[in-house]
Amino acid sequence: MPGSLTRLQRYYLLYTGGFILFVAALALLEDHGMPPRWIGYSFLIFTISMYAVIGIMSRTSDVSEFYVAGRRVPAFFNGMATGADWMSAASFIGLAGTLYLSGYQGLAFVLGWTGGFVLVALLLAPYLRRFGEYTIPDFLSARYGGNAIRLVAVGAAILASFVYVVAQIYGVGVITSRFVSLQFEIGVFVGLAGILVCSFLGGMRAVTWTQVAQYLILIVAYITPVAILSWNVTGNPVPQLVYGKVLQEVTHLEERLFHSPAELEVRQLFRERADLYAQKIMQLPDSLNHERDQLSSQINQLKATDAQMKDIVALERQRRELPHDPEQARARWETAMFSAVDRSKPPIHHAEAFPGETEAERDILRINFLALVFCLTVGTAALPHVLVRYYTTPTVRQARESVFWSLLFILLLYITAPAYAVFAKYEVLAHLAEIPITKLPSWVAAWAKVGLVAIEDINGDGILQLAELSLNPDVIVLATPEIAGMPYVVSGLVAAGGLAAALSTADGLLLTITSALSHDVYYRIVRPGASTQFRLVISKSLLLVVAVLAATVAAQKPGTILSMVAWAFSIAGSAFFPALVLGIFWERATRAGALAGMVVGVLLSIYYILRVEFDSIPWLGLSGFRMEPWFHVQSTSSGLFGVIAGFMTIVVVSLITRHDPRSATFLRTIRVQSGAGQR
Amino acid sequence: MTSSDAYWRRARRLTFLLLIFWLLVTFGLTWFARDVNEIVILGFPLGFYIAAQGALVIYLAIIWWYNRCMKKLDAEFGVEEG
């Protein structure tokens, strides 16, 4: 019915209106003295119970509903759900911070994470939808035949998705502990509950409709604070349009501040500190003993003269906190040295592309930028939890249209993130630099207390120099409401948005892992005769097990797992992209070729990450295998080599193996719509 | 040549043309970001602007154009969704 709204659209309009009313009511209550803590709780309870209501309303006992939402999701809503599915806690909280810290270089994420959807639209989505089964391993197995490739695909899907889902649950723990002051571990299990209410009863169907709801919250929460900040700074509430002017201002400030004598002095002091640490590391273990002796003699001296007890205790604590052995000393001093080296470097201009002293340095940055864009695009087009969303539309045409909507909804966030970064940088350069430390705005102290902002007055002049300030990337989005002087309710809104981003992505990932195990391994390989009812029981139990497992891992606060997320793109890209694309566009690709290509791609990616990133794996008894990166490419872009090797392997092996005539029949069904050719 | 072959050929040609255009925008323009940055529009250095907004809008336009052509192609070959 043109002109009038569908039932779904009415529901979500009502829901959005309800949410805005809820926020307005809280703002009013805050005005009347409601404490911030209660505002945090209200957001947490309100949003999670909303998701629970949607989750319960969408409960299902139908296999097709559980895996692909009954293929009844209209393009527009599938786009929104994909947006929420795609944008994780890292996009919501981390991206703006990365852009703040690395300026133009950070835009590789913006380009890569959006450009990937062009590949999805042109190369994958319509064909996956026309094939119309349940999972990505399903597709590969139908195209190439056999269960071996299904198992390899399941393994790669789980490898890429599990670290990712752990990072999301970790993100939930961080958000809840910061905004409603729950203990981190409790926050993780609140997150687990939030994820399960969306997916346990209703599978993909429930996940889809909660993701739409979560998208609406996360986009409102992301855009509101920066719009208000933009209004404050420029008088125009559309930050995406006006931040060019602010960027110009930032460049002027940079030119003035970067070379001021005080900045140069501070950087020199940091350089000296780095040299000192380097010397101490070189002279291990003597330097450690020397330091301990020095402290001991100082303590004895103080004890001899009747000095204040306080000073003696302080020195004794210092001695206690010295590294226990040379190993520990090396690790600790290296970290300190690298951080000092970082701060001694001249800062980069925000808008400058590939900044470097020499042409060679610039070329390294350029190569890494392009390599990262490549890995992120290909990874985006190969992450199973995103691709599987295009199984859920009613028709092929709607699948194509829904990629358009997906990108549009994702774009809204990604064109806002650079504006966040520029406004934050303006705030820092204009209102923090060269200000006496005692007179800094109050948000600095508030976030210093949680350890996200650190200030060290190394030259002791009582004035903040840029190099003396270090910001954790997360603080940019989290602190913007305070920077703009907004009431706490806006901070609560941001927390709710971050929560929505983390929960929606976790749901999609969890479902991918579950369906890989229950559908591909159990139903397709172990027991093809299982009844539908029993398959659902298996799916739901596995969902529970995987979710609890992921939450348990997240509760350990694994530091390395967060950096592993970046590798998930490379691994997924090199596992799936070549096999999927050649499978659709090259009839001659064979089973042996695809299998070899997937295995070679993934192994090469992992090999490169291991050898560039680590020097030893103690529990395998390997050590000293660190190598120089190829073409200076960082380990996060290992997929560059994995994907190229994957393509080459598939082509070579396919050409030397006999090709299966059945692939022609399969390709006819997925390339050409039913009906074409019969006329 | 059957008409289903013709349909696939044309879909494939469209895909490859758009893919090449996408490659040029994503990697070609970005390679020269330093030089392009000399130009300033709306206060943005152009290279920065392309990576932060311009390319994204072009991506959207590529998908829109692809959908439009495919819809026409479907109609021309009498393909109705089953």
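Values in this text are rule-based calculations from the coordinates and carry no lab data. Note that this is a predicted model, so its numbers are computed, not measured. All Cβ positions, even for glycine, are placed from backbone atoms using ideal geometry, and neighbour counts span all protein chains on display.
Reachable lysines from A:Lys345, Cα under 26 Å, same-chain residues fewer than 8 places away excluded? Once the sequence-local lysines are set aside, what remains near A:Lys345 is A:Lys280, A:Lys425.
How high is the relative contact order of region A:162-299, in percent, with contacts defined as C-alpha pairs under 8 Å that are six or more residues apart?
Numbers: 48 pairs, mean separation 10.8, N = 138.
In percent, rounded to a whole number, it is 8.
One Cα centroid belongs to region A:1-44, the other to region A:461-483; the line between them spans 31 Å.
Centre-to-centre, using Cα atoms only, region A:282-324 and region A:384-438 are separated by 51 Å.
The separation of region A:495-551 from region A:65-101, counted between C-alpha centres, amounts to 18 Å.
Taking every residue in A:316-329 and counting other chain Cβ atoms within 10 Å of its Cβ, the average works out to 0. Take each residue in A:404-413, count the other chain C-beta atoms within 10 Å of its C-beta, and the mean is 3.
So, counting K/R as plus one and D/E as minus one, what does the shell of residues with Cβ under 13 Å around A:Glu316 add up to? Please report the intermediate quantities before stating the final value.
Values: positive: A:Arg292, A:Lys303, A:Lys310, A:Arg317, A:Arg319, A:Arg320; negative: A:Asp311, A:Glu321.
Charge balance near A:Glu316 sits at +4.
Compute the whole-percent fraction of alpha carbon pairs in region B:3-76 spaced more than 20 Å apart. Percent of Cα pairs beyond 20 Å in region B:3-76: 45. For a straight C-alpha distance cut-off of 18 angstrom, the aspartates and glutamates reachable from B:Lys72 (same-chain residues fewer than eight places away being disregarded) are A:Glu401, B:Asp5, B:Glu80, B:Glu81. Exposure proxy for A:Arg273, A:Arg591: other Cβ atoms within 10 Å of each Cβ, ordered fewest to most, give A:Arg273, A:Arg591. Before rounding to the nearest 500, sum -39500 (n - 2.57) across all DSSP H runs of length at least 4 in chain A and divide by the residue total; then give [θ] at 222 nm in deg cm²/dmol. After summing the helix terms and dividing by residue count, I get -24000 deg cm²/dmol.
Could you work out, residue by residue across A:418-426, how many beta carbons of other chains sit within 10 Å of that residue's beta carbon, and then give the average as an integer?
Numbers: counts 6, 2, 0, 1, 3, 0, 0, 0, 0.
Going residue by residue through A:418-426 and averaging, the value is 1.
When each of A:His385, A:His324 is scored by the number of other beta-carbon atoms lying within 10 Å, the sequence from fewest to most is A:His324, A:His385.
Give me the percent relative contact order of chain A, please, defined on Cα pairs under 8 angstrom at least 6 residues apart. Before the final figure, lay out each step's value.
Working: 1030 pairs, mean separation 191.2, N = 679.
That works out to 28 percent.
Once the gyration tensor of the Cα atoms in chain A is diagonalised, the equivalent ellipsoid follows with semi-axes of 46, 32, 25 Å, ordered largest first.
For chain A, the longest principal axis of the alpha carbon atoms and the long axis of helix A:7-31 meet at an angle near 20°.
Sorting A:Arg205, A:Arg178, A:Arg611 on the 10 Å Cβ count, fewest up front, what's the list? Can you show the working numbers first?
Numbers: A:Arg205 26, A:Arg178 20, A:Arg611 17.
Fewest-to-most Cβ neighbours within 10 Å comes out as A:Arg611, A:Arg178, A:Arg205.
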